[in-house]
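The block underneath contains the structure these notes are about, expressed in structure tokens.
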Amino acid sequence: MAAADFDFDIVIIGGGIHGAGVAQAAAAGGYSVCLLEAQALASGTSSRSSKLIHGGLRYLESGQFSLVHECLQERRLLLQLSPALVRLQPFHIPVYQDSRRRPWQLQLGLSLYHLLGGFSRDCAFRRLPHHLWDSLDGLETHGLQQVFQYQDAQTDDVALTRAVMKSAVTLGSHLLMPARLSMRSG
Ligand SMILES: Cc1cc2nc3c(=O)[nH]c(=O)nc-3n(C[C@H](O)[C@H](O)[C@H](O)COP(=O)(O)OP(=O)(O)OC[C@H]3O[C@@H](n4cnc5c(N)ncnc54)[C@H](O)[C@@H]3O)c2cc1C
């Protein structure tokens, strides 16, 4: 079908998580949308992520508190909307005698994280009791002072991208695939 046969408010290039998300939001907002994907949905970096829907813990160090708050809100929304695709996973931060960050710094950071997440359960943390340290596979216990446990969320990035695009299509978006946008000079 020739490109001239189409007339859309918005044309999106690329069916990664960003393109799929924009298509979903635009279609939900009443715009007519067409997304072009050259290969397959999530064939780019959206299939090579660390599979985390993280709450932005690392942004605390650079003082980006509103970003952490936003990350935690978005994460909670995804946990509620897509429980089959986004689930909580425990993470452990070991602190050794020679670790750069001291236990009090992690306690402070994780407390702030809990506060920015509205003290909800998914942002809670704890110091793992000493008798449970051995239950953590592969953990080096020599020089270990503390182990903090908190939660982050994990996803299947390909399945999430496909699910968002499916929702966009249900809302009226068009998906052309394979279809590559090429620019010709002259
Ligand atoms: C190792 C790693 C770990 C990461 N970890 C995380 C994480 O934990 N949490 C997180 O949120 N983010 C993470 N990210 C970042 C996240 O994966 C990217 O920000 C996201 O996938 C980018 O999505 P995108 O839709 O912009 O791009 P892409 O997924 O790369 O999609 C671009 C698409 O455009 C298509 N395309 C390109 N050119 C054309 C054309 N001319 N015509 C038609 N289609 C075209 C490609 O085929 C591709 O499918 C990580 C990234 C990496 C690499």
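What follows is calculated from the coordinates using simple rules that are stated; it is not laboratory data. All of these numbers come straight from a predicted model, not from anything done at the bench. Note that each Cβ is placed from the backbone with ideal geometry, even for glycine, and that neighbours are counted across all protein chains shown.
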Please work out which residue is nearest to Ala20 (Cα to Cα), limiting yourself to the stretch 175-186 and to residues that are more than 10 Å from the ligand (Cβ to nearest atom) and surrounded by fewer than 17 Cβ atoms within 10 Å (Cβ to Cβ). Arg184
Flagged pairs (Cβ under 7 angstrom, 6 or more apart or on separate chains; first in the stretch 138-153, part of a loop (DSSP other than H, G, I, E, B); second surrounded by fewer than 17 Cβ atoms within 10 Å (Cβ to Cβ) and of a type in the set (Asp, Glu)) are Gly143/Asp98
Can you work out which of the residues in the stretch 30-58 that are under 30 Å from Phe148 (Cβ atoms) and more than 6 Å from the ligand (Cβ to nearest atom) is surrounded by the most Cβ atoms within 10 Å (Cβ to Cβ)? Gly55
Residue among Arg75, Arg87 that alone is closer than 30 Å to Ala163 by Cα, in a helix (DSSP H, G or I), among the basic types (Lys, Arg) and in contact (Cβ under 8 Å) with a residue 40 or more places away in the chain: Arg75
Give the stretch 154-186 a look and list any residue that's part of a helix (DSSP H, G or I), more than 19 Å from Glu74 (Cβ to Cβ) and of a type in the set (A, V, I, L, M), or say none. Val158, Val169
From the list Asp157, Asp98, which one is in contact (Cβ under 8 Å) with a residue 40 or more places away in the chain and surrounded by 18 or more Cβ atoms within 10 Å (Cβ to Cβ)? Asp157
Just give me the residues in the stretch 129-166 being under 26 Å from the mean Cα position of the chain (by Cα), within 20 Å of Pro103 (Cα to Cα) and not aliphatic (A, V, I, L, M), in sequence order. Phe148, Gln149, Tyr150, Gln151, Asp152
